[in-house]
Amino acid sequence: MVATTPREFPTAGAYQEALQHPGICFTDAELRTSVPEFTKLRQPRAISGAFASVFPVTHQASGTRYAIKCFTRYIPDQQERYSAISDQLATLPAANLSQPWRIGFEYLPDAILVGGNRYPILKMEWAQGLTLSAWLDLHHHERLGVDRLAESFAGLMSDLEAHSIAHGDLQHGNLLVAGDCTLRLLDYDGMYVPALGGLGGTERGHRNYQSPHRGNNDFGTDLDRFSAWVIYGALKAIAIDPGLWRQLHEPQGEYLLLAADDFTNPDFSQRFPALLTHVNREVRELAEQLRSLAAQPLDALPALATTMVGAVAAPIVSSATTAQGLPGWMTEHVSAALSPAHRPLSTIAPLPRFTGRKARDVIAVTVLMLLIAVALPALLILTPPLAAIPPLVAVFLAPAARNARPETAELRRHLEELRQRRAGVPDVAMAVAVVHREQAQFDHFENQRLQQLPAQRKYWEDRYKANLAAIEQEKQRTLIDIDRKRYDLRITLHSRLDQALAAEMTAFVRQQLTRFSISAAGIAGIGPRLTDELAAQGIRTAADFTGISLSTPGGAYNSVTAYLKTVLGPVYVKGIGEVKATALDTWRATHAARIEARFTRTEPSNADAIRSEHEREMSRLILRRQTTENEVGPKRDRAKQQYEAQSAQLASEAANATVFAANKRQEFAHRLLDLQRASAEITALDQRIAAATNHRRDLSQLSYIRFALTGR
C-alpha cells in the first residue's frame, strides 16, 4: 500500500495555468507532446466537477485524444483504489459484456507540476458521445430509441452486478450515449470492487439519484441499486410517454424525472403524482416501485430486475376509444382477458333437422294429401263457402303437425331465449360514455387535488415559519424589556446610594444644628423680643428652619416679606424683615457648612442593604431572562410538532387519496372490461340469432312434408 498524507490540492484555475505549458508540467512522454483544447480566451478547456477537473488534450503525432483528470481534493488511498479498480476491470472479457461501456485509464502519480509541487493525474481514453440528459433533450420523442437505451442501461447494470462492481455515482453526467445507443460509463473515483471491501467510500454520489438512506459509510455491491431504478424507471416512462420529459424535467435540471426532494418525501412531491396516477399501468408500477424503494434501507434494495430487460414499452395512446368503446391502451389487455365464452362466435353449429319420424307425422301428411285431392273436385262441385273447407283444413293441419314436432318447439324456445338475452344486454355505447364521463370527472377532481397538494403543504410551512417568527419576536420584545429594566436598575443603584447618603448627611447636620441656639447667637438686630417671637413659632435653634424665602407682592411701597422655611412650611415672624431674615439664614448656613465639612462618610450606613435589594431585583430579572430563553425551545418544539402532525396528516390523506385513485381507476378499467365483454356477448348473440333464424329454413313446411313422406 502506498501511504499518502492529506494535503491541499491545486484549484482548477491553477491546473489551467500549468497546462498552458504541457512540455513543462507533465512527466508522461506522450502528454508532454500533447496540446490541450483551448477556450476562446486561450485558456485550456476544463470540465469541472466536485473533486476534479478534466482537460481534453490531443497527442500531436498520433492525433489520439485523452481526458486528463486533475484532482482538486485529497482522496484517501487514491493510488491503491485506482489500481484495484483497474485490475478488476481488466478481468472483464469484452465479448461477455453487454456493450463496450468500459473506459481505459492509467493512474500516474506525481505526473503534473503545479506551483512547484507534483500531483497525481488520471490519463483516460476519450469517450465520444452525449451525456444522458443531453441525449434525452434531443431524442426523448423517439420511443423505440429511448426504450432501446433503457435496455442498454439494464445490460450495463447486469454486467456490474454479475462481477460484484458498483459505480457509486450513477447519474446523467457519468453516462455517455454513443451513436449506436450503447453507453459509456465515466468517473470511477467512487467505484466499489471486491478488492476494496476493507476501505470506506469517498463520496455519496449525486443527491438526485441516491436513496435518502445512503450514508457516508455505505460502500458495497448495493451502492448502485437505487440509482439504477431511478434511471431505468425514467427511461422506461419516457419511452411510454415522451411528454413526461417536458412535463417533469426542467431545462438544465440536474435530474431526469425525479429529484432528491421527491424521494425524501414522496407524498408531498410535485412530480411523483404525475407518474403514480399515469394512465399507463407500467408507468404507475415503476413509480410505485421507486416510492417503495425510497423508504427501504440500502441493503434491502433489489437489483434491477433482469426480467424487465427486453420488454417492449407499451405505447401511450390518446383517450380516443376503439370501435368497441374502450380506450386504445386497454384493447390488448381486454382482448387477452376475455374468456372464450364471451368472445364472438365465428361459426355456429347447425341445429338438428327433423329426425325420428312418427306415425302421426305420416297420418298428418296422408290426411293433408287426401284433403288436397278432395279440395280440387270440391271447388267444381260445391258452392264457394263449402268448397273452401278442405283447403282451409289442409292449411291448418300441416303447420299444426310441424309445430308439434320437438325440433320446431326447440327452435322457438331457443330463439326466444336468445332474443331475451339480447334485450337484457345494456346499451354498450351509452354505458361506455357514462364510464368515460365519470372517469373524466374523477380525473378532473384528482388533478385538482394533486395541484392543491403543494399549496396545502406551503400553507402549513408558512404557518410554521410564522409561528417561529412570532415566538422569536415575543422573545426579543421580552428580552429588550428585561435588558432595559436591568440598565435602569444599574443606574438606580447609584441614585439610591446617593440619596441615602444625602439623607444621612442632612440628618447629621440637622442634629448638630440643634446645638446652636438663636438666643445665644448674638445676631445683629435680633434681640430677646424677636427671639421670643421666633420661639413662639417653634424656631429656637439653627436646626428649626432650613432657609428663607422673600416675597415681593408689589404695591405702593413695594415692600418685601420674609418667610422662614420649616418642616411645616413657610413661617412669617413679625419683626423679621429681609435684612434680619438674611442674617439668620447666613448664620445658619455658616454653621451648616462647617458641620457638613465634618461629615466624611462616602456611603450610607444601609449601603449593603441597598445593594442586596439591588442584587435581588437584578437576579429576578436575570432569572426572568433565562426563563424567557428556556421557554423558546419548548414553544418551537410545540410549533414543530404541530407542523409535523399536520404534515403527517396531509401525507396520510395524500397517500390514502392516491390508493383510492388507483382503486377507482381499476374500477373504471373493470367496468370497461365488463362492457367489452358485453359487446362481445352482443356480437355472439346476434350471430346465434341469425344462425337460428336461418335454420328455420331447415324446419320449413316443405321440409316437414318431405320428412313425413320420406323420413329424411
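The values are calculated or read from the model by the stated rules, or taken from the named source; none is laboratory data. Values in this document were obtained by computation on a predicted structure and should not be read as measured data. Glycine gets a Cβ as well: all are built from the backbone with ideal geometry, and neighbour counts include every protein chain shown. In case anyone asks, the SASA skips ligands and DNA or RNA and just uses the protein heavy atoms, side chains included. Shrake-Rupley method; radii C 1.70, N 1.55, O 1.52, S 1.80 Å.
Please give the net charge around Leu650, taking every other residue with its beta carbon less than 9 angstrom from that of Leu650, where Lys and Arg add +1 and Asp and Glu add -1. Before the final figure, lay out the partial values.
Values: positive: Arg457; negative: Asp267, Glu653.
Summing Lys/Arg as +1 and Asp/Glu as -1 gives -1.
In sequence order, what are the phi-derived ³J(HN,Hα) couplings for segment 482-499 according to the Karplus relation 6.51 cos²θ - 1.76 cosθ + 1.60 with θ = phi - 60°, rounded to whole Hz, with x for glycine and proline?
5, 5, 5, 5, 5, 5, 4, 5, 5, 5, 5, 4, 5, 5, 5, 5, 5, 5
On the protein heavy atoms, probe 1.4 angstrom, tell me the percent of accessible surface of segment 125-171 carried by carbon and sulfur.
54
Quantify, in whole percent, the carbon and sulfur part of the accessible surface of segment 591-703 (1.4 Å probe; protein heavy atoms only).
Result for segment 591-703: 49 percent of the exposed heavy-atom area is carbon or sulfur.
Using the heavy atoms of the protein chains alone and a 1.4 angstrom probe, what is the accessible area of segment 1-82 per residue in square angstrom?
54
Averaged per residue, what accessible surface does segment 128-260 expose to a 1.4 Å probe, in Å²? Before the final figure, lay out each step's value.
Numbers: 4530 Å² over 133 residues.
So segment 128-260 comes to 34 Å² accessible per residue, rounded to a whole number.
Taking a temperature of 25 °C and a viscosity of 0.890 mPa s, what whole-number D in µm²/s does Stokes-Einstein yield for segment 504-632 with Rh from Kirkwood over alpha carbon pairs?
136
So which lysines pass the test for Lys635, namely a Cα distance under 28 Å, with those fewer than 8 places away in the same chain ruled out?
Lys458, Lys465, Lys475, Lys485
What is the Cα centroid distance between segment 614-645 and segment 203-241, reported in whole angstrom?
Using only Cα atoms, the two centres lie 44 Å from each other.
With a sphere of radius 10 Å drawn around the Cβ of Glu125, what net charge do the other residues whose Cβ falls strictly inside it have (Lys, Arg +1; Asp, Glu -1)?
+3
With a 1.4 Å probe and every protein chain kept in, tell me what percent of the accessible surface of segment 3-97 is carbon plus sulfur.
Carbon with sulfur: 54 percent of the solvent-accessible area.
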